[in-house]
Amino acid sequence: MTKGKPWKVEEERQLRELVESGHNLDSIAKALGRTVEAAYLKCHRLGLQLEEVEGSVETTTSSLKLPKELPSVEEALKMLAGAMEKACEPGLGRVEVQRLQAMATLARTYENILARYLDYRGHEKRLGELEEEIAEIQAVRKGNAAN
């Protein structure tokens, strides 16, 4: 991959403004005199989120819809399996391959974090049980001391 011309601070500021105002990636690239790929990569490096919207190539957004429930490890593995299956198809574009790679990375990360989360929840449950046992023992001791 060849490196393009460096971004000036003013161009980065303008990029952020265009992202925040909801311009699509094509118009952002045109306004900055950059390729769509260059604008996309810079958005990614600056942490500006891009998402597809019907009728346009890509637009930028800073909001993220959170699921009501956590997907299970099985659901994460199904997503990973789907990404692997899709990755085997011939003729995928570079952006689609990057998305599939991101999906695979996210699925692995999710599985690791979910496992730790479940482990913490197990520890919390056991701690609650131990606290109840201690309270019962203390109650018995107080009862025995009063007699």
Quiz item: So, of the residues in segment 76-89 that are assigned to a helix (DSSP H, G or I) and hydrophobic (A, V, I, L, M, F, W, C), which turns out to be surrounded by the fewest Cβ atoms within 10 Å (Cβ to Cβ)?
Solution: Ala81
Quiz item: How many of the residues making up segment 102-123 are touching a residue at least 12 places away in the same chain (Cβ under 8 Å), closer than 21 Å to Tyr40 by Cβ and not hydrophobic (A, V, I, L, M, F, W, C)?
Solution: 0
Self-check item: Selected residue [modelled with pLDDT under 85, buried (at least 17 other Cβ atoms within 10 Å of the Cβ) and not assigned by TED's automatic domain parsing to the domain that holds Ala102] from Leu15, Leu66, Leu50
Solution: Leu50
Practice problem: Tell me which residues, restricted to segment 42-51, are outside any loop (DSSP other than H, G, I, E, B) and within 17 Å of the chain's Cα centre (by Cα). | Solution: Cys43, His44, Arg45, Gln49, Leu50, Glu51
Self-check item: Residue list for segment 90-147, filter: in a helix (DSSP H, G or I), among the aliphatic types (A, V, I, L, M) and either under 24 Å from Leu80 (Cβ atoms) or touching a His at 6+ places or on another chain (Cβ under 6 Å) (or both)
Solution: Val95, Val97, Leu100, Ala102, Met103, Ala104, Leu106, Ala107, Ile113, Leu114, Ala115, Leu118
Quiz item: Could you list, in sequence order, the residues of segment 25-39 that are in a loop (DSSP other than H, G, I, E, B) and over 26 Å from the mean Cα position of the chain (by Cα)?
Solution: Gly33, Arg34
Exercise. Kindly list the number of the only condition in (1) within 21 Å of the chain's Cα centre (by Cα); (2) farther than 30 Å from Leu18 by Cα; (3) among the polar types (S, T, N, Q) that fails for Asn144.
Key: (1)
Self-check item: Unique residue being surrounded by 11 or more Cβ atoms within 10 Å (Cβ to Cβ) and free of Cβ contacts under 8 Å to residues at least 40 places away in the same chain when the list is Val73, Val97
Solution: Val97
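The values are calculated or read from the model by the stated rules, or taken from the named source; none is laboratory data. Just so it is clear, the model here is predicted, and its values are computed rather than measured. We place every Cβ from the backbone using ideal geometry, glycine too, and count neighbours over all the protein chains shown.
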